[in-house]
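The values are calculated or read from the model by the stated rules, or taken from the named source; none is laboratory data. All values reported here derive from a predicted model rather than from experimental measurement. Neighbour counts are summed over all protein chains in view; Cβ atoms, including those assigned to glycine, are modelled from backbone coordinates with ideal geometry.
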Amino acid sequence: MQPTVTVDTNAIPWVKLEALTTEGPGIFADTKFIQRVNTTGGKAPAADGIFIGQVASVPYTADYFFYRQTNN
């Protein structure tokens with residue numbers, strides 16, 4: 001896993017992930033890397049839930065970039 005960069009400490013970190021496989025059809029075929037940047041929000045609540053199995057909805061926004069290898 002690549003190191004992450006956090007610009008906004010109140011947001012989930014920026015991250016660049018390498019695809020484990022590039023097989024299959026569709027728009028994401030041949031994707032080599034996915035990068036998440038410009039994040040806001042998304043961090044888990046600081047306090048524990050009231051009961052086991054409680055779900056916390058945590059909205060966030062981010063920009064995602066999908067990179068393919070070029071054939072030169």
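All of (1) at pLDDT 85 or above; (2) out of contact with any Leu (no Cβ under 6 Å at 6 or more places or on another chain); (3) of a type outside the set (D, E, K, R) hold for PRO3 with one exception: (1). Being within 16 Å of the chain's Cα centre (by Cα), in a loop (DSSP other than H, G, I, E, B) and surrounded by 10 or more Cβ atoms within 10 Å (Cβ to Cβ) is the filter here; which residues of region 52-72 pass it? Selection gives VAL58 alone. Among all positions in region 30-43, there is at least one residue which is over 18 Å from the mean Cα position of the chain (by Cα), at pLDDT below 95 and either in a loop (DSSP other than H, G, I, E, B) or among the basic types (Lys, Arg) (or both).
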